[in-house]
Protein chains: 2
Amino acid sequence: MKTLLENIAKHVSLTTEEQELVLTLVQTEHYKAKTILLKEGQICTHSFFILKGILRSYTVDQNGVEHVVSFACPGWWIADMYSYLSQRPGQLFIETNEEAEVMLLSKENQEKLYLQVPKLERFFRILIENSLVANQQRLIDNMSFTTEARYDKFSKKYPELVNCLPQKQIASYIGVTPEFFSKMKARLLKK
Amino acid sequence: MKTLLENIAKHVSLTTEEQELVLTLVQTEHYKAKTILLKEGQICTHSFFILKGILRSYTVDQNGVEHVVSFACPGWWIADMYSYLSQRPGQLFIETNEEAEVMLLSKENQEKLYLQVPKLERFFRILIENSLVANQQRLIDNMSFTTEARYDKFSKKYPELVNCLPQKQIASYIGVTPEFFSKMKARLLKK
DNA sequence: ATCATTTCTTAATCCAGATTAAGTGCTTCT
DNA sequence: AGAAGCACTTAATCTGGATTAAGAAATGAT
């Protein structure tokens, strides 16, 4: 259901040999809960495809406050795109919430793939297009909706996440403090 | 300096024939100040490459308030990416600030280009990657910086824009009301 | 099972920024 | 040139959400 090849097959179709090539260029890793896969200041040398578990990326600001940039469930990719694309030190942390199984694709191997299987250029372009659209929508939502409406949208868009994330992470994602989030939820229940 | 072919040449190199093909697939248009090129609810059938002038994209929320999503100067592309990619009605307006000259590339012609000049798949992928990174950075900035710091960053990143945009548009871009923006600027001058 | 750490809640106080309202230049149109 | 509309400013008041602080509940480690 959520393997890498199935994910690719949604957008481009590969021959058996091409599929095998892909598999030789990725590695699978297993991580315990709360493992940090990438730290601020490091270069993001791999992008991660989630097989099991939930990962998140976040920044830490001058005051030490965390800001969740994204979550990734099985079947999703995650990386510090700035750092990954430019191969310069980035500002994101990437961390497992729970025990997780992840496929790693190095930047080098991705370049190899582009050369040997040009169709994958299309695959990754589509992935990036989708991220861009989602990101832009989030920006718009943050500017034009109330906190309550943003929470509502989040719950509807990611119903599987609402009940398995610590709610301080959801609070951070929608852009409020855990205290305020808690107050808001209590207010919602009264209705 | 800012023609379409020069823009493409920054990332991929085309043969003369390929360049000519590109030119046959775009059209150039001239617009007066305050012309609306795309309205909410319409399908974004073309993406726009700016030759002259400044365009901006924005949404209008339930209360009729405008939120600037992006600006585009000469040498930049602009479109409602959600609508353009999905060919469904979008929520963005795209409008010229001043008199402008713009090249239009239709979605159909873009698909033709992908087929006939696969190198362009790479070109557009890179453009989208850059947008994604910029967008993600803006999200992070909105979550972790004060209004003042965001304005400061904006001024440094787009020095050419600060002095030629109505400041209510800058206020909207960084996410505050024109009144507050005005107050903040007065406060900055005192220092 | 117990202790320790983290997460969540509640409540009081505070503040950045919104809202409302007026007033002051600018353009631009006729 | 005058009217009409925008863009910008200033100021008073209000509010969503932050901050601080404390306790309660859940989770995890030994």
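The values are calculated or read from the model by the stated rules, or taken from the named source; none is laboratory data. Everything numeric in this text was worked out from a predicted model, so none of it was measured. Positions of Cβ are generated from backbone atoms using ideal geometry, with glycine treated the same way; all protein chains shown enter the neighbour counts. We work out accessible area using only protein heavy atoms, side chains counted, and drop any ligands, DNA or RNA first. Shrake-Rupley method; radii C 1.70, N 1.55, O 1.52, S 1.80 Å.
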Checklist outcome for this item: Filtering region B:136-166 down to residues that are in a helix (DSSP H, G or I) and closer than 18 Å to A:S172 by Cα yields B:Q136, B:Q137, B:R138, B:L139, B:I140, B:D141, B:N142, B:M143, B:S144
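Taking only region B:168-182 into account, find how many residues are of a type in the set (S, T, Y), in a helix (DSSP H, G or I) and more than 10 Å from chain A (Cβ to nearest Cβ). Steps first, answer last, please.
Of region B:168-182, the ones of a type in the set (S, T, Y) are B:172-173, B:177, B:182.
Okay, now just the ones that are also in a helix (DSSP H, G or I), so B:172-173, B:182.
Checking which are more than 10 Å from chain A (Cβ to nearest Cβ) leaves us with B:182.
So the count comes out to 1.
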Checklist entry - Looking at region B:117-163, which of the residues that are aliphatic (A, V, I, L, M) and more than 7 Å from chain A (Cβ to nearest Cβ) is farthest from B:T177 (Cα to Cα)? => result B:V117
Checklist outcome for this item: Reported set for region B:86-127 where residues are free of Cβ contacts under 8 Å to residues at least 12 places away in the same chain and under 14 Å from A:V133 (Cβ atoms) is B:S86
Next on the checklist: Being in a helix (DSSP H, G or I) and modelled with pLDDT of 95 or more is the filter here; which residues of region B:101-114 pass it?
Outcome noted: B:K107, B:E108, B:N109, B:Q110, B:E111, B:K112, B:L113
Checklist entry - Can you tell me which residues in region B:161-191 are more than 8 Å from DNA strand D (Cβ to nearest atom), closer than 27 Å to B:T96 by Cβ and open to solvent by 100 Å² or more (accessible area, probe 1.4 Å)? => result B:N163
Checklist entry - Which residue pairs have Cβ atoms closer than 6 Å, lie 6 or more positions apart in sequence or on different chains, and pair a first residue in region B:42-70 that is more than 17 Å from B:D80 (Cβ to Cβ) with a second residue that is part of a strand (DSSP E or B) and open to solvent by 40 Å² or more (accessible area, probe 1.4 Å)? => result B:L51/B:E101; B:K52/B:E101
Next on the checklist: I'd like the residue in region A:46-66 that is outside any loop (DSSP other than H, G, I, E, B) and either open to solvent by 20 Å² or more (accessible area, probe 1.4 Å) or touching a His at 6+ places or on another chain (Cβ under 8 Å) (or both) and, out of all such residues, is farthest from the other protein chains (Cβ to nearest Cβ).
Outcome noted: A:K52
Checklist outcome for this item: A:E121 passes all but one of the listed conditions (1) among the charged types (D, E, K, R); (2) in a helix (DSSP H, G or I); (3) open to solvent by 40 Å² or more (accessible area, probe 1.4 Å); the exception is number (3)
